[in-house]
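Take a look at the structure set out below.
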Amino acid sequence: MSRGRDMLSYVVRRAAGMVVSVLLVVTITFVLMQLIPGDPVSVLLGPNATPEQIEALKRTWGLDQPIWVQFYKYFVNFFRGNLGESIFFRQPVLRIIGQRAETSIFLGIMALMVVVGLGIPAGVIAAVRPNSWVDNSLLLLALAGASIPSFWLGLMLMVLFAGKLHLLPSSGYTSVIATGNIANLKNLILPAFALGFVNAALVARTARSSMLDVLRADYITTARAKGLRDSVVILKHALRNAAIPITTVISFTFASLVSGAVVTENVFALPGVGSLIVQSVLKRDYPTIQGIMLVVAVLYVVINFATDITYAFLDPRIRYR
Amino acid sequence: MGFVRLVLRRKTLLFAVGVLLSLVIIAIFSPYFVPYDPDALSLTDRLRPPGAAHFFGTDHFGRDIFSRVLVGTRVTFILGLSISAFALAFGVPLGVLSGYYDRVGMVLMRVIDAIMAFPAIILALALMAIMGKPGMVNVIIAVGMVWAPRMVRVVYSSTLSLRENTYVEAARALGASSGRILVRHITVNLLSPVIVQSTFTFAFSIMEVAALNFLGVGIPPYVPSWGGMMNEGRTYIIRAPWIIIFPGVFLALSVLSFNLLGDALRDRLDPKLRNLL
């Protein structure tokens, strides 16, 4: 009974925190956009615009109103899902982001598969034989992985697999959903690897240290003493208990995957949200920049909230903090 | 002295310190000893592969990659140092105040968390767009604003634990003012976590600066920078991959060395930080 109440109060507290974070994120984006020097309207219309044209556009965008009215409208619009209109595409920002989302989501999922598929086994293998040559070389590889810029790794993979070996396509991506052709995902293999490798290194380091901690525990000694096979002890007893710190790191990789994706999409000419923001920065398409910032940051806050709640379910100790 | 002995004992650390010292020397003196003028165009020497005349080959304008990479070290280090200094200038005072005064901390940490909800490169890109034009100072502000909040967090959590120490309580009991406690007892003891975090800030910020330059929104393209060189070499990536390979190797080596140094300093200066940073 009290267990359920603890949980409920924890969820409520965290949800309140999430709402505050979202409000702050929205406010920060608004403030940032106020910092643009000069007058975005005259910058946009160019030096030949007449004062009447400038006034007219200001009125359409509501820029002639006091700042607090603008802020209020901005807030209301945000919660209605209206993120404004792109200056360059002349379409609602949210729709453009939606059109670009598929590439980024598939890239993210595939990169995450690389992160988990390389990071966890590498960390577990290293932890099982600490200080062996396997451990040392994996550790070195992980350290190198964390230091190599993902865009450079991407370029190198491109030279090797697309340029020399002609094994995989080097750029572009056509929608799987629109064409129904799942083979298009082939175009995302190199980018996903470039993007995932860096984060796999971080996950490997965490997996190794938390596995090492767990493997020292008494119940592991007991399990071994019972005569259980090594593989059972490691996979069933140890990895399960090392899972929480590993999952934490994996959930942290969201921000880092998004950052990496911005550059990786650019390297491989992928039509995703990452290349959209770079284009928008180069074209000074402020509404689109602002929209992407909002979507990504809100997603980050929500993912954090979801992870926290999941832990509280998994590990009762967390709720009392 | 302890640190020198530690460097000599650990091979990886020796490697890191060796690389960093060489890079610092290159950053300071390279303009005086590079074989070619890094900006000299030579259309007869376009896209030459690495060889005796051009160690790292030439780019599509016939410029010597070796000279450009070495000179690019200077820009990288100036930016890395400036960004770390920026992060310190904001991070230490704000972190100490938030850690010491609960009310300030409550408000400021919420804002810091919200800023950190924006992935690093997205925030840096947006700030570059807001400031308008590419340039060194704008890059320092944009990337500095990304890493300052992380410095605030580290200083904040260190201050939280420092203020519980008996000597702080003793100072307060003896009638020391808050200002005196903050400066004489807390800030002084923040040195270890701050040094360690600055090392990591340097590593991450030069990587991010390279990404901005690679995307064409960092410093102007005529200044030789590693990221900018990689951006220019993209068109020729299959014909002349050396344009991209060498700046990337230098970048990765610098980041790796700073990460190794940061790890070692953390273990050496304060093993408790292992979980914090």
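The values are calculated or read from the model by the stated rules, or taken from the named source; none is laboratory data. None of the values given here were measured: they were computed from a predicted structure. Please note: Cβ atoms are built from the backbone with ideal geometry, for glycine as well, and neighbour counts cover all protein chains shown.
General observations
- Residues of segment B:137-178 that are without any contact (Cβ under 8 Å) to a residue 12 or more places away in the chain, of a type in the set (S, T, N, Q) and either part of a helix (DSSP H, G or I) or at positive phi (or both): B:Asn138, B:Ser161, B:Thr166.
- Residues of segment A:57-76 satisfying the condition of being surrounded by 13 or more Cβ atoms within 10 Å (Cβ to Cβ) and either in a helix (DSSP H, G or I) or modelled with pLDDT of 85 or more (or both): A:Leu57, A:Lys58, A:Trp61, A:Gln70, A:Phe71, A:Lys73, A:Tyr74, A:Phe75
- The residue list B:Thr235, B:Thr199 contains one member that is out of contact with any helix residue (DSSP H, G or I) (no Cβ under 9 Å at 6 or more places or on another chain), within 14 Å of chain A (Cβ to nearest Cβ) and either under 23 Å from A:Ala146 (Cα atoms) or in contact (Cβ under 8 Å) with a residue 40 or more places away in the chain (or both), which is B:Thr235.
- Filter pass, A:Val301 being part of a helix (DSSP H, G or I), touching a residue at least 60 places away in the same chain (Cβ under 8 Å), at the interface with another protein chain (Cβ under 10 Å from one of its Cβ atoms) and surrounded by 17 or more Cβ atoms within 10 Å (Cβ to Cβ): yes
- A single member of A:Ala238, A:Ala242, A:Ala223, A:Ala269 is on the phi > 0 side of the Ramachandran plot, touching a residue at least 12 places away in the same chain (Cβ under 8 Å) and more than 9 Å from chain B (Cβ to nearest Cβ), and it is A:Ala269.
- Considering segment A:157-183, and only residues there that are assigned to a helix (DSSP H, G or I) and surrounded by 19 or more Cβ atoms within 10 Å (Cβ to Cβ), the residue that is farthest from the other protein chains (Cβ to nearest Cβ) turns out to be A:Leu157.
- Any hit, segment B:240-252, residues being away from every other protein chain (no Cβ under 13 Å) and either at pLDDT below 90 or within 23 Å of the chain's Cα centre (by Cα) (or both): no
- Residue, nearest to the other protein chains (Cβ to nearest Cβ), within segment B:86-136, restricted to residues that are basic (Lys, Arg) and part of a helix (DSSP H, G or I): B:Arg110
- Residue check for A:Ser42: within 14 Å of chain B (Cβ to nearest Cβ) and surrounded by fewer than 16 Cβ atoms within 10 Å (Cβ to Cβ): yes
- Which numbered condition A:Pro271 fails, given (1) of a type outside the set (A, V, I, L, M); (2) within 30 Å of A:Asn82 (Cα to Cα); (3) in a helix (DSSP H, G or I): (3)
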